[in-house]
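The values are calculated or read from the model by the stated rules, or taken from the named source; none is laboratory data. The structure presented is a predicted model; accordingly, all values stated were derived computationally and were not measured. All Cβ positions, glycine included, derive from the backbone under ideal geometry; neighbour counts span all protein chains shown. Heads up: the accessible areas ignore ligands, DNA and RNA and are worked out on the full protein's heavy atoms, side chains in. Shrake-Rupley method; radii C 1.70, N 1.55, O 1.52, S 1.80 Å.
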Amino acid sequence: MFDSVLVANRGEIARRVIRTARQMGIRAVAVYSEADEDLPYVHEADEAIGIGPAQPARSYLDAAAIIAAAAKARAAAVHPGYGFLAENAGFARQVIAAGLTWVGPDPAAIEQMGDKIRARNLMEQAGVPVAPGSREPLTDVTAALAQADLIGYPVMVKAAAGGGGIGMGVAADQADLQAAFATARSRAERFFGSPEILIERCIERARHVEVQILGLADGRVIALGERDCSVQRRHQKVAEETPSPGVSAELRERMLTAAVRAGEVVRYRGAGTVECLVDTEAGSFVFLEMNTRLQVEHPVTELVTGIDLVEQQFLIAAGEPPSFDPDAVSLSGHALELRIYAEDPVRFRPGPGRITEWEEPSGPGVRVDAGYQAGNTVTPFYDPLLAKLCVHGADRDQALARARQAVAQFRVAGPKTNLLFHAELLASAEFAGGDYDTSLVSKLRSS
């Protein structure tokens, strides 16, 4: 096991990784931009190094600055967290070339899964279900219209090289497609440096369900259950739960088997997630994409398995066996995660500002992974995620009750937050009943 790790990230995920590193006796090194100097994770690390101005391109996306910081701190490994450079194969190769341990999958696996079209084609060849879609990248709207006619409307339009729902749109006809294609291509070039677009059949009443996998040091790939991520605004997740209330035991088994197969095909090592869309009417699923990193919502899996996923990432990267028996994994109870954002609870627009009050909830089954505290300022430079409110219960009803109480106890003053939205979500009949899909937030906002 390496003796030190640099966490190439910020906020709650940096704090989360630092916590496990210190529990394992690994020296934790933080990096920070000028805007983040006073955040909790900076003070909780064993060492912290400034890497540049607030703009991500000049700090957290500056690979050379991060590797220089690792050399300065004499760190032996780099953990990328999620976002920023976490799924950048070039950065992973630079880390390895610098003689550091990369806490993540092989760069080749990142490349294979980073391109949605390439990943789809690979999964289809491996027998993993995929939705009808384009097998080659599209950069011309005429070709896109022809492809959509073959697939059949409605279709999803998305950046082939991107993620996070950026630029994604639904087209019900040719006019919709022309507009959605222009938007997706523009945003794909802006955010991902590639104009390539993927079109695939849209499942109209779908649940977004993902499977947590671990590629172990000995070559095995195992699944640690699924997470339902269907509560979304602008195609971006807001709340997650496990197990999914919309997945039968038989469908779950098929999804877990397919996810393991997906990991095996790319010889995956470390923590990864296979995302799927579930057709609630047909009782079937299709491969959506694979995230070659730790997910934002990983705590719900930790709560039902008792497995520290960051610890497993460190062990796998060091070539060591897991700290649990892979042949005897059991899931207990139900867990929910609510993402607390600095945004207004109606239109979901960012609302940065100085935090004047911060009081976290507590109690049985309650866990808060926070990136901020009172006195900190939420700036407009980064994703406005403040904290992840996670709860665990013996069953879904108990988890829901604990979540409602925890939301009511969570107090944040200064910036706007979406706590009122979460109270509304937990009170809605659809969510409470478990019979919901990716349209739930739109329905709540239109009612």
Extended-chain gain in nm, criterion 0.36 nm per residue less alpha-carbon gap, residue 178 and residue 346: 57.6 nm
Dipole size in debye (nearest 20) for the range 113-231 around its Cα centre, Lys and Arg Cβ +1, Asp and Glu Cβ -1? 220
Can you give the charge dipole size of the chain about its Cα centre, rounded to the nearest 20 debye, using +1 on the beta carbon of Lys and Arg and -1 on the beta carbon of Asp and Glu? 680
quick note, the chain, DSSP beta bridge pairs, % antiparallel (nearest 5) is 80
Using amide H atoms built 1.01 Å from N in the peptide plane, name the residues 5+ places from residue 270, or on other chains, whose amide H lies under 5 Å from its own. 215, 216
Pop the C-beta distance of residue 442 and residue 220 into the FRET formula with R0 = 41 Å and round what comes out to the nearest 0.05. 0.50
Vicinal HN-Hα couplings computed from phi for the range 18-32 (Karplus, 6.51 cos²θ - 1.76 cosθ + 1.60; Hz; Gly/Pro x): 4, 4, 5, 4, 5, 5, 8, x, 9, 5, 9, 10, 9, 10, 8
Nearby aspartates and glutamates by direct alpha-carbon distance to residue 443 (threshold 20 angstrom, same-chain neighbours under 8 apart not counted): 204, 228, 240, 241, 279, 281, 343, 344, 424, 430, 435
Translational D in µm²/s for the range 270-341 (Stokes-Einstein at 37 °C, 0.692 mPa s, Kirkwood Rh from C-alpha pairs): 230
When the helices in the chain are scored as -39500 (n - 2.57) per DSSP H run of 4 or longer and the sum is shared across all residues, what 222 nm value do you end up with, to the nearest 500 deg cm²/dmol? -10500 deg cm²/dmol
Solvent-accessible surface (1.4 angstrom probe) belonging to residue 358, in square angstrom, nearest 10: 40
Once amide H atoms are built 1.01 Å from N in the peptide plane, which residues 5 or more positions from residue 31, or in another chain, come under 5 Å H to H? 7, 9, 49
Can you match log10 I(q)/I(0) by the Debye sum over Cα atoms at q = 0.12, 0.13 Å⁻¹ to one of these, [x] -0.98, -1.11; [y] -1.16, -1.24; [z] -1.06, -1.27, based on a calculation from the structure here? [z]
Label point 7 Å beyond Cα of residue 332 along Cβ direction - residues of the range 243-269 with amide nitrogen under 16 Å: 243
In whole Hz, what ³J(HN,Hα) sequence does the range 203-219 give by Karplus (6.51, -1.76, 1.60; θ = phi - 60°), x for Gly and Pro? 8, 5, 10, 10, 10, 9, 10, 10, 10, 7, 10, 10, x, 7, 5, 7, x
Pulled fully out, how much extra length does the chain show between residue 408 and residue 264, if you take 0.36 nm times their separation in residues and subtract their Cα-Cα distance? 47.5 nm
Among 432, 246, 290 the positive-end extreme of the charge dipole of the chain (Cβ point charges): 290
For the range 340-345, 3J(HN,Hα) per residue [Karplus equation, 6.51 cos²θ - 1.76 cosθ + 1.60, θ = phi - 60°, Hz, x = Gly/Pro]: 9, 10, 7, 7, 6, x
Please list, or write none, the lysines whose alpha carbon is within less than 21 Å of the alpha carbon of residue 388, excluding same-chain residues fewer than 8 places away. 237, 416
Subtracting the Cα-Cα distance from 0.36 nm times the residue separation, let me have the gained length for residue 64 to residue 118 in nm, one decimal. 16.6 nm
Would you mind getting the Kirkwood hydrodynamic radius of the range 290-420 from its Cα pairs, rounded to one decimal in Å? 16.3
Show which lysines lie in cross-link reach of residue 116 when reach means a straight Cα distance below 16 angstrom and same-chain residues fewer than eight apart are skipped. 158
Among 35, 83, 112, whose Cα projects farthest towards the positive end of the dipole of the range 1-125, with charges put on the beta-carbon of Lys, Arg (+1) and Asp, Glu (-1)? 112
With springs only between Cα atoms under 10 Å, which of 323, 244, 362 fluctuates most in a Gaussian network model of the chain? 323
For a label point 7 angstrom out from the Cα of residue 19 toward its Cβ, which stretches of the range 326-370 have the backbone nitrogen within less than 18 Å? 335-341, 358-370
